[in-house]
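Asks: Structure in structure tokens, see below.
The values are calculated or read from the model by the stated rules, or taken from the named source; none is laboratory data. Small disclaimer: the values here were computed from a predicted structure and weren't measured. Glycine also receives a Cβ, built like all others from the backbone with ideal geometry; neighbour counts cover every protein chain displayed. The accessibility values were calculated without ligands, DNA or RNA, using every heavy atom of the protein model including side chains. Shrake-Rupley method; radii C 1.70, N 1.55, O 1.52, S 1.80 Å.
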Amino acid sequence: MTAADAAQAAAAAGAGGQGDGAAGATSGGPRGGGCRTSSRLERVLREGHFAVTCEIGPPQSSKSEGILKHASVLKDYSDGQNLTDNQTAIVRLCSLAAAVHVIRAGGEPIMQMTARDRNRIAIQSDILGAASLGVRNILCLAGDHQTFGNHPGARNVHDIDSLQMVQMVRAMRDEKKFQCGDQIKSHEPRMFVGAAANPFGDPFEFRVRRLAKKIAAGAEFIQTQCIFDMDRFEKWMRMVRDEGLDEKVFILAGITPVKSDKALKYIRTVPGMKVPDELIKRMEGAADKKAEGVNIAVEMIQRLKEMKGVHGVHIMAIAWESIVPEIVERAGLYPRPEVEVEEPAEAEVAVG
Amino acid sequence: MASKEPEAAAEPVEDGAAAGAAEDRAMPAEAAETGAAETGAAGGTGSSHPDFEPKIVAFCCYYCAYSAADLAGSMRLQYPANIRIIEVPCSGKVDPVILLKAFEEGADGVYVAGCMEGDCHFLKGNFRAKRRVQAVKKILDEIGLDGRRLEMFNLSAAMGTRFAEIAEEMTERIRQLGPSPVRPGASAAARPATVPDGAAEHEAAGKQGEVKPE
Amino acid sequence: MIVAEPKPISEVAELVRDSNHLLIVGCGECVTVCQVGGEKEVEVLASALRIMWKKDGRKGTIDTQTIVRQCEPEYVAELAKKVKEADCVLSLGCGVGVQFIAEAYPDKWVVPGLNTSFGGGTVQAGVWEERCGFCGDCILHLTGGICPIIRCSKSILNGPCGGSQDGHCELDKDIPCAWQLIYDRLKGLGRLDLLDAVQPPKDWTASRDGGPRKFVKEEAMIE
């Protein structure tokens, strides 16, 4: 059984082709087809544009200025802005509130949600709340283990996993059902549902198969782990295309600009990350390391733009959000396309 | 004691035994320090408790240490009379409970002497003994009795001289550490293990006669 | 079996600080096998505490008794005579044992000497490892006999997560990735098809909370 078959077999109801907008956990279906949500990101992707998303890390305080500042700039250079959910298990301003701040700044938030800190009740509740405040995109994640963060003694939840979360959010939207099966009588949350994929994790040969599972569960867009080993990523993409998965889901390739060779060497030690020696050598040899980091990011994006099946890039400039405009411009991805989104009549209007 | 150090260090030891050896090597320096501090009170012998005759229990493996003790006797080697030898069929026969009981009953020091590593008659008995001694050392530290009161040694049946050296080495070490605070008749206030107190020592020395009539 | 670890002696000493007639109770089951609460360990702890007490000039008695099973009332009843003489009972049983003793002797102060850790087995002499999380709804038939609930650090049912690398978990190079193990085993057995199904959220009602879980086997009942 191939991974594609698996996706097909496991898809609920086995309902028809991609992009048909029908209810049920069918595939995400890139290009064409009607939008299922009023997400601007979804519209950009379905219209066939090469999408750009970026990341804003909320602060370890209740100060919203930083988010507002970054969002007000990044909204013009990207089609969606991820708000991380207590990344590396360090307590930060919550992704839901951060997403609302982004809306206030005129941006398009992608709310990250981990299974680490919330059970299915809390997750669904937060999704209802987020949707009521105008959040239209969600990225479902397992979450970094709490021992990496500043509360290693915390008890984690992991009531459901990221795949099950995808399934749950899709069912809330398309079947108007809570996870327990109860009906959502009105105003179901209409989120464009994303998941993560790590082309560099092990077992490598299972990675694509698991991606197929995520698609079967209902993932519509995928943001990958940041890429440094372009060759391995290409190999992974080949496998993705062989299974026809790039026809079923939008794939946004992860890019992280780094400021130094030291940063690269550190990233290399992070589990699930691969950094080739040549890249480290290149950074070591650079006179202006920051500039070289930007050069590398731009070159990578240019290579990704040419790669079949890659529908966009996800720029994770960790604690370096200000560099994103330069990268986007130099990669020839500015200005971003203007798209029209229909506000669903029943959805409440976002806060001003 | 310092003169025996190189020989002790030269013995084929590994892991825990190496740690033990390292501890042995560390002893003279420490002893010198406490000894120096005590010089005035102790009459410049370099020992913290010169009049203290420790009671030391040695669990000796029949195949090595016990025979080495025999040999030491045949060779007419002098070694301290403080050692009470208990013959065991293998150092691996020595259980943590037995080691603790010895201390509970008032021993000032205890050691286990087994065969050279790799030479155990029962293959791995001495390795087990080594681990158990380490575990009990930890317990002794935890309960404030000082793990240095317990040690593991390895020797062969042919090492009569080494047997005598170990006896001296342990006697000297325990003398430095002072009487066990759990000796019958001793009380905590009177006998802190690490802070030598002249008056307490005399009391201990005085009582020693009472508690060991043998 | 239930695997437990000893509490530090200093902590135990603090727990029995006010006792003058202590009874230490061992258990002949799991904690004997994992060598933390059997007859031997009871004697070691008793001896260590006696030394401590003597050192501190404390008068008091420490008695010991090891019973077949602390998790069964008929064996716990055998403690009656010694419990009566004691003013405090220190159990070296698992958490179940401590509670059964406390229930059987309502007027006695009962304290734990162990930290009950997990359901596991002996992987080599002196090393015990967790295998079961007592979730009450076994899925091992889906995962090649390797439990992702307890062996995956995120209890992922559709693994592996992105942190799996070179066969180990993102948490530590010493922790094998449960999903790598599952993948390898199912691949070896030619049953990778099992991994293609999306496993639905687990029903945790059979797991912890909701009061103590109870199992009744009618035909085993006498009364």
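Asks: In whole angstrom, note down how far apart the Cα centers of segment A:270-315 and segment C:80-121 are.
Replies: That distance is 61 Å.
Asks: Take the alpha carbon atoms of segment C:1-50, find their center, do the same for segment A:105-180, and report the distance between the two centers in whole angstrom.
Replies: Computed from Cα coordinates, the inter-centre distance equals 45 Å.
Asks: When a/c reaches 1.5 or more, the comparison of a/b and b/c decides; with that in mind, is segment B:101-170 rounded, prolate or oblate per its Cα gyration tensor?
Replies: The shape class here is oblate.
Asks: Pick from A:Ser62, A:Ser95, A:Ser78: which is most flexible by mean-square fluctuation in a GNM of chain A where alpha carbon atoms under 10 Å apart are linked?
Replies: Ranking A:Ser62, A:Ser95, A:Ser78 by mean-square fluctuation puts A:Ser62 first.
Asks: A follow-up question, please. Would you tell me the mean number of C-beta atoms belonging to other protein chains that fall within 10 Å of each C-beta in C:143-155, as a whole number?
Replies: Details: counts 0, 0, 0, 0, 0, 1, 1, 0, 0, 3, 6, 12, 8.
The shielding value for this peptide is 2.
Asks: Could you work out the relative contact order of chain A? I mean the mean sequence separation of Cα pairs under 8 Å and 6+ apart, divided by the number of residues, in percent.
Replies: Taking the mean separation of contacting Cα pairs over the length of chain A, I get 22 percent.
Asks: Separate question: Among the DSSP beta bridges whose two residues both lie in segment C:40-173, what percent are antiparallel, rounded to the nearest 5?
Replies: Of the beta bridges lying entirely in segment C:40-173, close to 65 percent run antiparallel.
Asks: Roughly what % of DSSP beta bridges within chain A run antiparallel, to the nearest 5? The partial results should precede the final answer.
Replies: Numbers: 1 of 33 bridges.
DSSP beta bridges in chain A are roughly 5 percent antiparallel.
Asks: Another question, if that's okay. So what's the gap between the Cα centers of segment B:58-86 and segment A:228-249, to the nearest angstrom?
Replies: Centre-to-centre distance over Cα atoms comes out at 75 Å.
Asks: For A:Gly57, what is the net charge nearby, where nearby means another residue's Cβ is under 11 Å from its Cβ and Lys, Arg count +1, Asp, Glu -1? Provide the component values of the computation, followed by the final result.
Replies: Details: positive: A:Arg92; negative: A:Glu55, A:Asp85, A:Glu321.
Here the count lands on -2.
Asks: Compute the distance in nm between two label points, each set 7 Å from the Cα along the Cα-to-Cβ direction, one at A:Val270 and one at C:Glu78.
Replies: Result for the modelled spin labels: 5.8 nm.
Asks: Separate question: If each DSSP helix of 4+ residues adds -39,500 (n - 2.57) and the sum is divided by the residues in chain C, what number results at 222 nm, nearest 500 deg cm²/dmol?
Replies: -7500 deg cm²/dmol
Asks: A further question on this structure: Report relative contact order for segment C:2-118 in percent, whole number only (criteria: Cα-Cα under 8 Å, sequence separation at least 6).
Replies: 36
Asks: Under the classification rounded if a/c is under 1.5, otherwise prolate if a/b is larger than b/c and oblate if not, where does segment C:11-93 fall, given a ≥ b ≥ c as square roots of the Cα gyration tensor eigenvalues?
Replies: In terms of gyration-tensor shape, oblate.
Asks: Moving on to the next point. Take every Cα pair under 8 Å in chain C that's 6+ residues apart, average their separations, divide by the length, and report that relative contact order as a whole percent.
Replies: Rounded, it is 17 percent for chain C.
Asks: Roughly what would the spin-label model give for A:Asp182 and B:Ala135, points 7 Å off Cα along C-beta, in nm?
Replies: For the pair A:Asp182/B:Ala135, the computed spacing is 5.4 nm.
Asks: While we're on this one: Residue by residue through A:193-204, how many Cβ atoms from other chains fall within 10 Å of the Cβ on average? Walk me through the intermediate numbers first.
Replies: Numbers: counts 0, 0, 0, 2, 1, 6, 1, 2, 11, 12, 12, 1.
If you average over the peptide's residues, the count of other-chain Cβ atoms is 4.
Asks: Threshold 50 Å², probe 1.4 Å: give the residues of segment C:1-30, in number order, that are less accessible with all protein chains present than with their chain alone.
Replies: With the partner chains in place, segment C:1-30 has these residues losing at least 50 Å²: C:Ile9.
Asks: Sticking with this one: Straight distance only, please: which lysines reach the Cα of A:Lys69 with their own Cα at less than 24 Å, same-chain residues fewer than 8 apart left out?
Replies: A:Lys259, A:Lys290
Asks: Using protein heavy atoms only (no ligands, DNA or RNA), what is the total accessible area buried between A and C, 1.4 Å probe, nearest 100 Å²?
Replies: 2900
Asks: May I pose another question? Report the charge-dipole magnitude of segment C:137-206 in Debye, nearest 20, computed about the Cα centre from +1 at each Lys and Arg Cβ and -1 at each Asp and Glu Cβ.
Replies: That gives segment C:137-206 a dipole magnitude of about 100 debye.
Asks: Just C:Leu195, C:Leu79, C:Leu23 to compare: in a GNM of chain C, with alpha carbon springs under 10 Å, which one fluctuates most?
Replies: C:Leu195
Asks: Near C:Lys187, within a Cβ-to-Cβ distance under 15 Å, what is the net charge of the other residues, with Lys and Arg +1 and Asp and Glu -1?
Replies: Net charge in that neighbourhood comes out at 0.
Asks: Please work out whether segment C:137-206 counts as rounded, prolate or oblate from its C-alpha gyration tensor, where a ≥ b ≥ c are the square roots of the eigenvalues and a/c under 1.5 means rounded, while otherwise a/b larger than b/c means prolate and anything else oblate?
Replies: Oblate, since a/c reaches 1.5 and b/c is not below a/b.
Asks: For the cross-link pairs C:Lys7/C:Lys217; B:Lys101/C:Lys7; A:Lys235/A:Lys305, which exceed 25 Å when the distance is taken from alpha carbon to alpha carbon?
Replies: Too far apart for the 25 Å limit: C:Lys7/C:Lys217.
Asks: Related question: Per Stokes-Einstein, at 10 °C and 1.306 mPa s, what whole-number D in µm² s⁻¹ belongs to segment A:34-120, with the Kirkwood radius over Cα pairs as the hydrodynamic radius? List each step's numbers first, then the result.
Replies: Working: Rh = 13.4 Å.
It comes out at roughly 119 µm²/s.
Asks: I would also like to ask the following. Hey, can you rank A:187-196, A:318-327 by average C-beta count inside 10 Å, highest first?
Replies: Ranked by mean Cβ neighbours within 10 Å, highest first: A:187-196, A:318-327.
Asks: While we're on this one: Name the longest site-free stretch of chain C, where the excluded sites are trypsin sites (Lys or Arg not before Pro) in a DSSP loop with no more than 16 other beta-carbon atoms within 10 Å.
Replies: C:109-190
Asks: Would you mind telling me which residue in A:Arg268, A:Arg241, A:Arg155 has the biggest mean-square fluctuation in a Gaussian network model of chain A, where springs connect alpha carbons within a distance under 10 angstrom?
Replies: A:Arg155
Asks: Considering every residue in C:53-66, what mean count of other chain Cβ atoms within 10 Å of its Cβ is obtained?
Replies: Average neighbour count from other chains, rounded to a whole number: 3.
Asks: Would you please put B:74-83, B:173-182 in order of how densely packed they are, using the mean number of other Cβ atoms within 10 angstrom per residue and starting with the highest? Write down the numbers at each step before the final one.
Replies: Values: B:74-83: 14.0, B:173-182: 25.5.
In descending order of packing, they fall as B:173-182, B:74-83.
Asks: Let's test the formula: R0 of 41 Å, r as the Cβ-Cβ distance of C:Thr122 and A:Lys262. What FRET efficiency results, to the nearest 0.05?
Replies: Working from the Cβ atoms, E equals 0.40.
Asks: Please give the residues of segment C:65-83, grouped as numeric ranges, whose backbone N is less than 16 Å from a label point set 7 Å along the Cα-to-Cβ vector of C:Ala220.
Replies: Those under the cut-off are C:69-75.
Asks: Ok, one more. Can you list, largest first and rounded to whole Å, the semi-axes you get for segment A:77-118 by taking the square root of 5 times each eigenvalue of its Cα gyration tensor? Please report the intermediate quantities before stating the final value.
Replies: Values: eigenvalues 78, 20, 13 Å².
Calculated on Cα positions only, the semi-axes equal 20, 10, 8 Å.
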